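To start, the structure itself, in structure tokens.
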Amino acid sequence: MSDDLIVESVKNLKKAVPLMMKYKVPTTPINYALWYNYVAKDIPQLNVELDAILTQQAHCSEIQTEVLYRQFVADESESSTWQLRQNVEKMLLQLDQSITDTHSDTVKFRDSFDKTFSQVSMTEDKKWSVDEVISLLKKIEGDSEEMSRSTQFFSESLQAAKAEISTLKEELQKSQQQALYDALTGLLNRHSFDVEVTNFINNEANGLCLIIADIDNFKLLNDQWGHLLGDQVLKAVAKKLSSSMREGAKVYRFGGEEFIILLPKSNLRVARHFAETLRKLMEKVALKDKRTGKWINNITLSFGVVECQERDSVSSLIARADEYLYEAKRLGRNRVLPMMQ
């Protein structure tokens, strides 16, 4: 590493650490890597995304950090997690053993071949019979076949290793997504929500609003159209919700046909207005059943909206939103509660 590069690295590190302290970011290797790249400004889109987060809130949560790291830093450098490294290391050990075995077989073959050819030179001097010569040639043939099998096995091991590495990379990408994202809808999952909302309540509860949304009559929809089409409805709703997020809002699949939206630095009136906008957008969602050609155009959602209070916990915040949601269902569905005065 050149002196200039060392100086630049130290300079960036001195910038990164104070920022991590300011935004309450734990000093983990992933976070160091993320914030180092942020202050270095080597990945412009990372700076855009991180700046947007910091504009909306006074900290960068664990989930947000991991998502950004995977999206911009890990993917750019094609780095892998410890699980991939462990699997690759295991595979390399197997390859190493194959190489060792093949080398050992090669040495044995060479010694045997040298010995056999020394005998070939003796055939004329000792006037070997035809049968003795044929026996010697058969031995050469046998040694050659054994060596061929050994090298073929090693070649197959290399090919298998190459295929396994490709599979491991694909599985790693899937497992990374599954850890944070819902497999069906592609939204952040319940685990991600739990981590995020806990961080907000512990660090920046002031102005935090929560919207819980539930697809109306989803069981009847499944019974009428089938679960496969029900899955398509979930995907369509998730896509519409995700594309409608703004000003720091983030949507999660909470479970079943329920979704949760977090709005930091907001208030109840703004959050309720946002939920009403989403409700109207959902009324425009329509899907076509390819089997019958009929359209499903009666997809609606009910919403419960709350603002975090001083003594709220995660469970109490969700419970209050649930109460409004159930009341919205009771009053006829496709509505937002509470009503504003």
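Taken together, the values in this text are just the output of simple stated rules run on the coordinates, not laboratory data. Keep in mind the model is a prediction, meaning the values are calculated, not measured. Don't worry about glycine lacking a Cβ; one is built from the backbone with ideal geometry, like all the others, and counts go over all protein chains shown.
Kirkwood's formula applied to the C-alpha pairs of region 5-80 gives a hydrodynamic radius of 12.4 angstrom.
Of the trypsin sites (Lys or Arg not before Pro) found in region 183-265, those in coil by DSSP whose Cβ has at most 12 other Cβ atoms within 10 Å are 246.
A simple rule links phi to the HN-Hα coupling: the Karplus curve 6.51 cos²θ - 1.76 cosθ + 1.60 with θ = phi - 60°, which for region 59-74 gives 8, 10, 6, 4, 5, 4, 4, 5, 4, 5, 4, 5, 6, 10, 8, 5 Hz, with x for Gly and Pro. Database remark: amide H of residue 300 closer than 5 angstrom to the amide H of 216 (H placed geometrically; neighbours at sequence offset of 5 or more, or on other chains; Pro and chain starts carry no H).
With the convex hull drawn around the C-alpha atoms of region 200-243, the volume per residue stands at 99 Å³. Between residue 47 and residue 9, the contour length at 0.36 nm per residue exceeds the Cα-Cα span by 11.9 nm. Summing charges over neighbours of residue 221, with a neighbour being any other residue whose Cβ is under 12 Å away from its Cβ, gives -4 when K and R count +1 and D and E count -1. In order along region 196-203, the Karplus-derived 3J(HN,Hα) couplings, from 6.51 cos²θ - 1.76 cosθ + 1.60 at θ = phi - 60°, round to 5, 5, 5, 4, 5, 5, 7, 10 Hz, and Gly and Pro are given as x.
Just to confirm the filter: which trypsin sites (Lys or Arg not before Pro) across region 3-69 are DSSP coil and have at most 10 other Cβ within 10 angstrom of their Cβ? Here the trypsin sites (Lys or Arg not before Pro) that fit, given the DSSP loop and packing criteria, are 41.
The ellipsoid equivalent to the alpha-carbon distribution of region 240-335 has semi-axes of 27, 15, 12 angstrom, derived from the gyration tensor eigenvalues as √(5λ) and listed largest first. For residue 250, the residues whose modelled amide H falls within less than 5 Å of its own, excluding neighbours fewer than 5 places apart on the same chain, are 262.
Out of the trypsin sites (Lys or Arg not before Pro) in region 273-325, which ones are loop residues according to DSSP with at most 13 other C-beta atoms within 10 Å? Answer by residue number: 284, 290, 291, 294, 311.
Label positions at residue 219 and residue 180, each projected 7 Å from the Cα along the C-beta direction, are separated by 3.5 nm.
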